[in-house]
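Asker: One structure follows; several queries about it will come next.
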Amino acid sequence: MTAFHTPPISPMAIAFDAERLTLSPEGPTLTRRMSDLEGLFRDSDAWAAESAGENPVVYTVTSSPVPEIDRELPQSITTIMPGDTSGELWMTKGHQHPNHQGEIYLALQGTGGLLMFDGERTEWIDMQPGTIGYIPPGWAHRSVNTGDEPYSFLAVYPGGAGHDYGWVLEHGMGSRAYRTAGGVELRPYSE
Ligand code: S6P
Ligand code: ZN
């Protein structure tokens, strides 16, 4: 079983396999199934049926061994499976960093979107391999797979930033991303 390293962390090289999307040495991997996304999809009945049925893996997050500790700089690779629930594209839960700090995402494979919300304004960045999405301090963020293959990105973030998932449940994300014949459409969060 892999684990985070214990501080003090020694300088290290982390091998990144751009094809297989692995980090080596690696830390823990997190798997989010449909049932872990309660309260997030607009169509809660469809969410409940999918959770009680096949309960598919929606995304995984694999980490380097750098722990989420103040002043460290952890990295992770998130892979979101293609799919939608009543048209709403599969996505991460989304969170706010309670200790407001910036973060960067680098798209690696597939196509996606980076949805950000500061409580008033919503921003969307189309993400394709090579795009760096910058998340400023104070912006909640959620990633969406907009394509037909897995969408993967590298995240690098301050280890002391923390993760507030309740903020998104309380405030929403301003918009939701839907699959349409023409591509992707953003709709108001509560409609
Ligand atoms: C951490 C960074 C990512 C996400 C990951 C899963 O600050 O933003 O590693 O944790 O993409 O998303 P979520 O919303 O389930 O944590
Ligand atoms: Zn984050």
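Just so it is clear, none of the values below were taken in a lab; they were calculated from the coordinates. Bear in mind the structure is a predicted one, so any value in this text is a computation, not a measurement. With ideal geometry, Cβ positions are generated from the backbone for all residues, glycine too; neighbour counts draw on all protein chains shown.
Asker: When averaged across all projection directions, what area in nm² does the alpha-carbon convex hull of region 107-160 cover?
Answerer: Working: hull surface 15.4 nm².
Mean projected area for region 107-160: 3.9 nm², to one decimal.
Asker: Taking neighbour Cβ counts within 10 Å as the exposure measure, how do THR111, THR2, THR146 sort from fewest upward? Walk me through the numbers before you get to the answer.
Answerer: Numbers: THR111 20, THR2 12, THR146 23.
The order, fewest Cβ neighbours first, is THR2, THR111, THR146.
Asker: Could you grab the relative contact order for the chain? Cα pairs under 8 Å, six or more apart, rounded to a whole percent.
Answerer: Numbers: 461 pairs, mean separation 40.9, N = 191.
Dividing the mean separation by the residue count of the chain yields 21 percent.
Asker: If you don't mind, there's one more thing I want to ask. May I ask you to derive the relative contact order of region 82-183, considering only C-alpha pairs under 8 Å and at least 6 residues apart, and to give it as an integer percent?
Answerer: Numbers: 240 pairs, mean separation 41.4, N = 102.
This gives 41 percent for region 82-183.
Asker: In whole angstrom, and with the biggest value first, how far do the Cα coordinates of region 97-191 range along each principal axis?
Answerer: Taking the Cα atoms of region 97-191, the three principal extents are 39, 32, 17 Å.
Asker: Also, I was wondering about something else. So what is the relative contact order for region 32-111, in percent, with contacts set as C-alpha pairs under 8 Å and at least six apart?
Answerer: Numbers: 82 pairs, mean separation 20.0, N = 80.
It comes to 25 percent, rounded to a whole number.
Asker: Could you tell me which of rounded, prolate or oblate describes region 143-191, using a ≥ b ≥ c as the square roots of the eigenvalues of the alpha-carbon gyration tensor, with rounded for a/c under 1.5 and, failing that, prolate when a/b is larger than b/c and oblate otherwise? Don't jump to the answer; show the numbers that get you there.
Answerer: On the way: a/c = 3.81, a/b = 1.31, b/c = 2.91.
Here region 143-191 falls in the oblate category.
Asker: Shifting gears a bit: Place the peptides 151-164, 3-16 in order of packing, highest mean first, counting for every residue the other Cβ atoms within 10 Å and averaging per peptide.
Answerer: Packing proxy ranking, top to bottom: 151-164, 3-16.
Asker: How big is the chain on each of its three principal axes, counting only the C-alpha atoms and giving the largest first in Å?
Answerer: Projected onto its principal axes, the Cα set of the chain covers 49, 33, 32 Å.
Asker: Still on this model: Rounded to the nearest 500, what is the chain's calculated 222 nm mean residue ellipticity when only DSSP H runs of at least 4 contribute -39500 (n - 2.57) each, over all residues? Let's see the in-between values first.
Answerer: Working: 2 runs with 15 residues, N = 191.
After summing the helix terms and dividing by residue count, I get -2000 deg cm²/dmol.
Asker: Apply the Karplus parameterisation 6.51 cos²θ - 1.76 cosθ + 1.60, with θ equal to phi minus 60°, to every residue of region 165-178 and state each ³J(HN,Hα) to the nearest whole Hz, in sequence, with x for glycine and proline.
Answerer: Each residue's phi maps through the Karplus curve to give 8, x, 4, 5, 4, 7, 9, x, 10, x, 9, 10, 9, 10 Hz.
Asker: Over all alpha-carbon pairs of region 52-141, lay out the pair-distance distribution in 5 Å bins, whole %, shortest bin first.
Answerer: Taking every Cα pair in region 52-141, the percentages come to 3, 11, 19, 25, 20, 14, 6, 2, 0.
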